[in-house]
Amino acid sequence: MHEPLLRAPSDCAALAEHYRGLRQASEALCAPLSAEDCALQSMPDASPAKWHLAHTSWFFEQFILRPHCPGYREFHPRFNYLFNSYYQGAGERHPRPRRGLLSRPSLDEVLAYRHHVDTALLEWLPAAHDIDGAIAALLLLGLNHEQQHQELLLMDIKHLLAQNPLAPAYAPPPETADGAETVPLGWQRFEGGIHRFGADASQFCYDNETPLHRALLEPFELATRLVSNGEWRDFIDDGGYQRPELWLSDGWDWLQAEGVSAPLYWRADGDDWREFSLHGERPLAPARAVSHISYYEADAYARWAGARLPTEYEWELAARESSSDHRQQLEPACANGGGMAQLFGALWQWTRSPYQPYPGFQPLAGVVGEYNGKFMANQMVLRGSACITPAGHSRASYRNFFYPHMRWQYAGLRLARDV
């Protein structure tokens, strides 16, 4: 487990230690997988584990080593094409839906590529004692980018293994199980007024979290925990997926087109349900927070429950005024009660806020300016963090975002209501 990556350590040795630890953690995530597992792509939105390992290396090579490390020798002249993701300014790239067709390079060659990049960067870093602020910021961005891909890698592995009729487990279940009792759902009131939101430059943040700005909120209440599997089962039993009055028009069209009738990894088992997880398939746990739901589903449930989804500002205010633990594990833990629970470290939480720039937003300069800003259309904001989010990679101002139909990410919901 690593310390939070909030700012670049001033000590090159400490920065190198952060780098080594995070790079090793990515490879450790692939240790339970076969080479075949690492090469497969289960859908266009997902990527093979092998590609994640290569792309995160490409990021350091593209933005740190090539422009700033004199004499750097690239590992392979075509890897820039294969492992660029969406950076138009960095050149042409292999189509995302076809990443799973890359039987070559092999997993061993990808690991050799990683070690080539690591060796070059770690040899260069001590000599770059006069590293300027812009390069340090790029290096810190690369480390946080690696953490993002650690989470994506687990999301994609789960989706991949779920396609297998054998329902294979990525890892054995934990020795200790969560309590079976569902904590009663409570409500906590938050006063309105003008509040400050976003992040400043004193600690690491992504550009989409800036600048600090003010917004006016009316008084509101938030549920003290996430919606549970048992409560979602009540929604299903009450015909929630068959009642068009609960659904947004686009959501209802998506529901009909995709034939959705339950969260992504639920599987009918007679009159009950089972759920696929990274620990394999298991009986549905009523007290566990419902996960892998789309924005459309979350919005419909909130309407069915006589509530609504929170805005991202409401969520951020609650997170700043409350404390919450972050238990890093492969599946979300049940709520334990006591104040605002599961703000961090359980599931990303849908908000009703569209992903748009804050007032005065400016993207990063250069090609890395494509990191967030160009996606600010037709997506919705999620807040918090998930159980698979790496330690130190969550904060109250963090803005995650997905299209409203997506649900392979670890996403749940917290209810809100007006007062």
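The values are calculated or read from the model by the stated rules, or taken from the named source; none is laboratory data. Because the structure is predicted, anything quoted here is derived from the model rather than measured. Because the Cβ atoms are built from the backbone with ideal geometry, glycine has one as well, and the counts that use them run over all protein chains shown. Note: areas computed on protein heavy atoms with side chains; ligands, DNA, RNA excluded. Shrake-Rupley method; radii C 1.70, N 1.55, O 1.52, S 1.80 Å.
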Margin query: It is to be established whether one or more residues within segment 59-81 are touching a Ser or Thr at 6+ places or on another chain (Cβ under 8 Å), assigned to a helix (DSSP H, G or I) and of a type outside the set (Asp, Glu).
Written below: no
Notebook entry, point to check: Which is in a loop (DSSP other than H, G, I, E, B), open to solvent by 10 Å² or more (accessible area, probe 1.4 Å) and modelled with pLDDT of 90 or more, of Ala341, Ala365?
Noted result: Ala341
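Could you list, in sequence order, all residues of segment 346-395 that are basic (Lys, Arg) and touching a helix residue (DSSP H, G or I) at 6+ places or on another chain (Cβ under 6 Å)? Talk me through it step by step, then tell me what you get.
Going residue by residue through segment 346-395, those that are basic (Lys, Arg) are 352, 374, 383, 395.
Selection gives Arg383 alone.
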Next item on the list: Within segment 378-400, work out how many residues are surrounded by fewer than 20 Cβ atoms within 10 Å (Cβ to Cβ) and modelled with pLDDT of 95 or more.
Entry: 2
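Output yes when any residue across segment 182-192 is crowded, with 19+ Cβ neighbours inside 10 Å and touching a helix residue (DSSP H, G or I) at 6+ places or on another chain (Cβ under 9 Å), and no when none is. Outline the logic, then answer.
To start, the set of residues in segment 182-192 that are crowded, with 19+ Cβ neighbours inside 10 Å comprises 190.
From what is left, the residues that are touching a helix residue (DSSP H, G or I) at 6+ places or on another chain (Cβ under 9 Å) are 190.
Yes, segment 182-192 has at least one match.
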Check: Any idea which of (1) assigned to a loop (DSSP other than H, G, I, E, B); (2) under 30 Å from Gly142 (Cα atoms) is the one Arg196 doesn't satisfy?
Finding: (1)
Next item on the list: Given the conditions (1) of a type outside the set (A, V, I, L, M, F, W, C); (2) part of a helix (DSSP H, G or I); (3) surrounded by fewer than 21 Cβ atoms within 10 Å (Cβ to Cβ), report the number of the one that Lys158 does not fulfil.
Entry: (3)
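So, His68, is that one surrounded by fewer than 20 Cβ atoms within 10 Å (Cβ to Cβ) and out of contact with any Lys or Arg (no Cβ under 8 Å at 6 or more places or on another chain) or not?
On the way: surrounded by fewer than 20 Cβ atoms within 10 Å (Cβ to Cβ): yes; out of contact with any Lys or Arg (no Cβ under 8 Å at 6 or more places or on another chain): yes.
Considered against the rule, which asks whether it is surrounded by fewer than 20 Cβ atoms within 10 Å (Cβ to Cβ) and out of contact with any Lys or Arg (no Cβ under 8 Å at 6 or more places or on another chain), His68 comes out as yes.
In segment 10-38, which residue that is among the polar types (S, T, N, Q) and under 22 Å from Thr389 (Cα atoms) is most open to solvent (accessible area, probe 1.4 Å)?
Of all residues in segment 10-38, those among the polar types (S, T, N, Q) come to 10, 24, 26, 34.
Still in the running and under 22 Å from Thr389 (Cα atoms): 24, 26.
Numbers: Gln24: 121, Ser26: 7 Å².
Filtering first and then ranking leaves Gln24.
Could you check segment 368-382 and list, in sequence order, the residues that are among the aliphatic types (A, V, I, L, M) and either at positive phi or outside any strand (DSSP E or B) (or both)? Before the answer, list the steps.
Initial filter on segment 368-382 (among the aliphatic types (A, V, I, L, M)): 368, 376-377, 380-382.
Scanning segment 368-382 gives Val368, Met376, Ala377.
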Checklist line | Lone unmet requirement of (1) modelled with pLDDT under 95; (2) crowded, with 16+ Cβ neighbours inside 10 Å; (3) part of a helix (DSSP H, G or I); (4) of a type in the set (Gly, Ala, Ser) for Gly89 | finding: (2)
Note to self: Given the condition in a helix (DSSP H, G or I), more than 17 Å from the chain's Cα centre (by Cα) and on the phi < 0 side of the Ramachandran plot, answer yes or no: does some residue in segment 347-355 qualify?
What the structure shows: no
Note to self: Looking at Asp156, Asp200 in this structure, which one is free of Cβ contacts under 8 Å to residues at least 60 places away in the same chain, in contact with a Pro (Cβ under 9 Å, 6 or more places away or on another chain) and among the charged types (D, E, K, R)?
What the structure shows: Asp200
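With Leu122, Leu138 as the choices, which residue is crowded, with 17+ Cβ neighbours inside 10 Å, in contact (Cβ under 8 Å) with a residue 12 or more places away in the chain, of a type outside the set (Asp, Glu) and in a helix (DSSP H, G or I)? Write out each step before concluding.
Values: Leu122 fails: crowded, with 17+ Cβ neighbours inside 10 Å.
That would be Leu138, the only listed residue that is crowded, with 17+ Cβ neighbours inside 10 Å, in contact (Cβ under 8 Å) with a residue 12 or more places away in the chain, of a type outside the set (Asp, Glu) and in a helix (DSSP H, G or I).
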Checklist line | Pair list, Cβ < 7 Å and 6+ apart or interchain, from segment 93-116 residues that are farther than 16 Å from Cys30 by Cβ and charged (D, E, K, R) to residues that are open to solvent by 50 Å² or more (accessible area, probe 1.4 Å) and assigned to a loop (DSSP other than H, G, I, E, B) | finding: Arg96/Pro44
Item checked: Residue in segment 310-338 that is nearest to the chain's Cα centre (by Cα), counting only those that are surrounded by fewer than 17 Cβ atoms within 10 Å (Cβ to Cβ) and assigned to a helix (DSSP H, G or I) -> Arg320
Next item on the list: Could you run through segment 27-57 and say how many residues are small (Gly, Ala, Ser), out of contact with any helix residue (DSSP H, G or I) (no Cβ under 8 Å at 6 or more places or on another chain) and touching a residue at least 24 places away in the same chain (Cβ under 8 Å)?
Entry: 0
Next item on the list: From Phe197, Phe235, grab the single residue that is in contact with a helix residue (DSSP H, G or I) (Cβ under 7 Å, 6 or more places away or on another chain) and within 18 Å of Gly306 (Cβ to Cβ).
Entry: Phe235
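With Ala302, Ala307, Ala411 as the choices, which residue is out of contact with any Gly (no Cβ under 8 Å at 6 or more places or on another chain), buried (at least 20 other Cβ atoms within 10 Å of the Cβ), modelled with pLDDT of 95 or more and within 14 Å of Ser291 (Cα to Cα)? It would help to see each step written out before you state the result.
On the way: Ala302 fails: within 14 Å of Ser291 (Cα to Cα); Ala307 fails: within 14 Å of Ser291 (Cα to Cα).
Going through Ala302, Ala307, Ala411 in turn, the sole match is Ala411.
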